[in-house]
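A short reminder: the numbers here are calculations on the coordinates, not readings from a lab. Bear in mind that the values here come from a model prediction, so they are computed numbers and not experimental data. We place every Cβ from the backbone using ideal geometry, glycine too, and count neighbours over all the protein chains shown.
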Amino acid sequence: MKVVAINGSPRKDGNCTKMLEVLGKVLEAEGIAFEVCQPGAKVHPCLACYHCLDHGTLRCIQDDDGVNEIIEKCIAADGIVLASPVYHGGMSGNMKCVLDRLMLAAGCGDNQLHHKVGAALCTLRRTGGLETYQQLLATMNCMEMLLVTSDYWNAVHGAEKGEAAQDIEGVEVIEKLGRNIAWTLKVIDRAGIEPPETHARTMFNYIR
């Protein structure tokens, strides 16, 4: 079993990286493979061209910034973790660009993400953590994913690199999140039950 994380921070070795390291150690101790993808700040926004949706390619037509590789890894993974710093009360701009393209290419047509295990976390200096956390969860919620939580909201405080490690409660929340992700994956695997039938949603526009 494998979990792929998307690190939406453009900073190298920032607080999102540190918290994903905490999560990864727990998952790997439970026998779950873990990989982090950090696309950085040079990703393109979604063009709303619908090429991926209209042609069923499961890929974005923009192919020069590594997002298609992330899409492929998410499709192949058993679990997906979304991590973002808080920027002005919401997820980072580059994370939004990645998620818009991932969800349209892999989720809005022949949904490749349904019934995958999903979780989210964010890091922040002072406030906006709950809003960002809910943004990340809402993204997975509409993909019919199975959302895993901890015993508190997965928002860890820290401004400068490495400061999040001093948020003792926050670190414990992420460790518990890792154990819950591993438990959920193992329960699904051991149950051996086929997931319920699913189908593409009916797209309804109010303006005709």
Once you sort the root eigenvalues of the Cα gyration tensor of the stretch 1-103 as a ≥ b ≥ c, which label holds: rounded (a/c under 1.5), prolate (a/b larger than b/c) or oblate (the other case)?
oblate
So for the stretch 49-159: antiparallel DSSP bridges make up what percent, rounded to the nearest 5?
15 percent
Average Cα contact separation per residue, the stretch 55-151, under 8 Å, 6 or more apart, as relative contact order %:
32 percent
For the stretch 78-195, rounded, prolate or oblate, judged on the Cα gyration tensor with a ≥ b ≥ c (square roots of eigenvalues), a/c < 1.5 rounded, else prolate if a/b > b/c?
oblate
If you count the DSSP beta bridges with both ends in the chain, what percent of them are antiparallel, to the nearest 5?
10 percent
Along its principal axes, what span do the Cα atoms of the stretch 78-146 show, with the longest given first and each in whole Å?
39, 21, 16
Relative contact order for the chain using alpha-carbon pairs under 8 Å, separation at least 6, rounded to a whole percent?
24 percent
Lys/Arg +1, Asp/Glu -1 at C-beta; the chain dipole; positive extreme among VAL43, VAL148, LEU53
VAL43
Give, rounded to the nearest 20 debye, the magnitude of the charge dipole that the stretch 1-72 has about its Cα centre when Lys and Arg contribute +1 at Cβ and Asp and Glu contribute -1 at Cβ.
280 debye
Specify whether the C-alpha gyration tensor of the chain places it in the rounded, prolate or oblate class, a ≥ b ≥ c being the square roots of the eigenvalues: rounded for a/c under 1.5, otherwise prolate if a/b is larger than b/c and oblate if not.
oblate
With charges only on Cβ, +1 for K and R and -1 for D and E, what is the dipole size of the chain about its Cα centre, in debye, rounded to 20?
320 debye
Cα centroid separation, the stretch 86-115 to the stretch 129-208 (Å):
13 Å
